[in-house]
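Novice: Take a look at the following structure, please.
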Amino acid sequence: MHIRVLVAAYLFQTGYGHFSYFWKSGEYGISRICQILFRLNFLVVVLCLVMNRPYQFYYFVPLVTFWFMVIYGTLGIWPQTGKKDENGSCSPYWEVVLKLLALLLCICLLSASQSSFENVFSLWPISKLFEWQGFLHEWWFRWKLDRFAVLHGMFFAFLYGALKKSHLLSEGKGETLFTPRMSSFLLFTSVVVFLTYSIWCASCKNKAECNEHHPYFSVLQILSFVLIRNIPGYVRSVYSSFFAWFGKISLELFICQYHIWLAADTKGILVLIPGSPVLNIIISTFIFVLVAHEISQITNDLVQITIPKDNSVALKRMLCVAIFLFGILALSSFEQMNKLK
């Protein structure tokens, strides 16, 4: 269950980060979409073509990509959140709240029925992106498991921004985030909640039952960690360069584990040095991290080269890539139909 919380935390940060960017900048250009989609999907698309794997094999990337498009659609629909009007003022809070409530309603409706959910995602060519061995059950399971994580991140970003604009937070170096009494209360509560949830995760015996509770309660541990990390001024003012470096390549680490750390479609372990498990894991981990770092660097460089800042040029290139991928999906569907005959 702790792994589940880590995935939820990544999605929480996805909601928080993209919401904060759109709300502050009001930038909804095609170039921005292309950069994010390229950054998320470049490695996976290459692996799918080279290794002959379905897109859903790397389930985390479809999940993050889907939620980015949901965030973009939610905030980018008229009236665009963060866009300044003629007077220079941004969207009122009630517009943002209405959008978040509408998104919550859509999530609840989709999660109410698996058959309705599968009907939505069974339309071609969308179905080819989310099918696993011809079925949508895996996508339903992954989507439902963390269906509220991104929304939680978006709401937290909105709440943080609103409090900051109202000057209700003290973010000076060495200062507690709230008043001393409120900070002490929240810090104590966060420690208790964090430890309680950790104990519950470790003692979980019925995995199916724990998965049912996870979408609703995982945010408690995530928020607890965020408050513990940020309420004390002396903790908030420092960070670990080591973990920050790993955070920058976290996406590549998740994807590369399928082919460097693991083997046999994640059912086995890659053995480079037989008979020496400790040495084997040290060397394979060293190679694993180096490859992930290099791929991250290459991807970032390619984003700058292939995605121009001009929206019209970016749109043309995106259409070319879409036509190429559409053709591959069509050929894949045609080949699958021939096998069934």
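Novice: Just the number please: accessible area per residue for the stretch 185-233, 1.4 Å probe, all protein chains included, in Å². Present the calculation step by step, with values, prior to reporting the outcome.
Specialist: Details: 2830 Å² over 49 residues.
With all protein chains present, the stretch 185-233 gives 58 Å² per residue.
Novice: If you don't mind, there's one more thing I want to ask. In the chain, which helices (entire DSSP H runs) extend 15 Å or more along their own long axis, judged by Cα positions, while averaging at least 0.0 on the Kyte-Doolittle scale?
Specialist: Values: long enough: 2-25 (34 Å, 0.26); 30-51 (30 Å, 2.05); 60-76 (23 Å, 1.71); 93-112 (29 Å, 2.08); 149-165 (24 Å, 1.07); 180-202 (33 Å, 1.31); 207-230 (33 Å, 0.08); 277-306 (42 Å, 1.25); 311-340 (43 Å, 1.04).
In the chain, the long hydrophobic H runs are 2-25, 30-51, 60-76, 93-112, 149-165, 180-202, 207-230, 277-306, 311-340.
Novice: While we're on this one: Can you give the Kirkwood hydrodynamic radius of the stretch 121-256 from its Cα pairs, in Å with one decimal?
Specialist: Its Kirkwood hydrodynamic radius stands at 18.1 Å.
Novice: In 10 Å bins starting at 0, how do the alpha-carbon pair distances of the chain split up by percent?
Specialist: 5, 19, 30, 29, 13, 3, 0, 0
Novice: Leaving out ligands and nucleic acids, note down the accessible area per residue over the stretch 13-124 with a 1.4 angstrom probe, in whole Å².
Specialist: 49 Å²
Novice: Now, a different point. Please give the calculated 222 nm ellipticity per residue for the chain, where each DSSP H segment of at least 4 residues contributes -39500 (n - 2.57) and the sum is spread over every residue; nearest 500 deg cm²/dmol? Can you show the working numbers first?
Specialist: Values: 15 runs with 248 residues, N = 341.
The helix contribution divided over the chain gives -24500 deg cm²/dmol.
Novice: With the crude spin-label approximation of a point 7 Å out along Cα→Cβ, what separation in nm comes out for L319 versus V303?
Specialist: If labels sit at L319 and V303, their model points lie 2.5 nm apart.
Novice: Quick check on my link table: of K165/K316; K24/K248; K207/K267; K99/K173; K144/K267; K164/K309, which ones sit more than 29 Å apart, alpha carbon to alpha carbon?
Specialist: Exceeds cut-off: K165/K316; K99/K173; K164/K309.
Novice: In terms of modelled amide H atoms, which long-range or inter-chain residues lie less than 5 Å from the amide H of A263?
Specialist: Placed amide hydrogens put G268, I269, L270 under 5 Å from A263.
Novice: Which percent of the accessible area of the stretch 238-341 is formed by carbon and sulfur heavy atoms (probe 1.4 angstrom)?
Specialist: Details: 5300 of 7280 Å².
That fraction is 73 percent.
Novice: Tell me the net charge near E294. Cut-off is 14 Å between Cβ atoms, E294 excluded, with +1 for each Lys or Arg and -1 for each Asp or Glu.
Specialist: Numbers: positive: K248; negative: E252, D301.
Residues close to E294 contribute a combined charge of -1.
Novice: While we're looking at this one, here's another question. For A162 and Y93 in the same chain, what is the full-extension length gain: residue separation times 0.36 nm, less their Cα-Cα distance, in nm? Each step should come with its number before you reach the end.
Specialist: Details: separation 69, 0.36 × 69 = 24.84 nm, distance 0.82 nm.
Contour length minus the Cα-Cα distance gives 24.0 nm.
Novice: Which sequence of F158, F334 reflects their accessible areas, 1.4 Å probe, from the largest down?
Specialist: So the residues, ranked largest to smallest area, are F334, F158.
Novice: Largest first and to the nearest Å, give the Cα extent of the stretch 13-86 along each principal axis.
Specialist: Sorted largest first, the three principal extents are 52, 20, 18 Å.
Novice: Could you check the simple spin-label distance between K205 and E27, using points 7 Å along Cα→Cβ, in nm with one decimal?
Specialist: Computed distance between label sites K205 and E27 equals 5.4 nm.
The values are calculated or read from the model by the stated rules, or taken from the named source; none is laboratory data. Model, not experiment: these values are computed from the prediction. Virtual Cβ from ideal backbone geometry, glycine too; neighbours counted across all protein chains shown. With ligands, DNA and RNA removed, areas are computed over all heavy atoms of the protein, side chains included. Shrake-Rupley method; radii C 1.70, N 1.55, O 1.52, S 1.80 Å.
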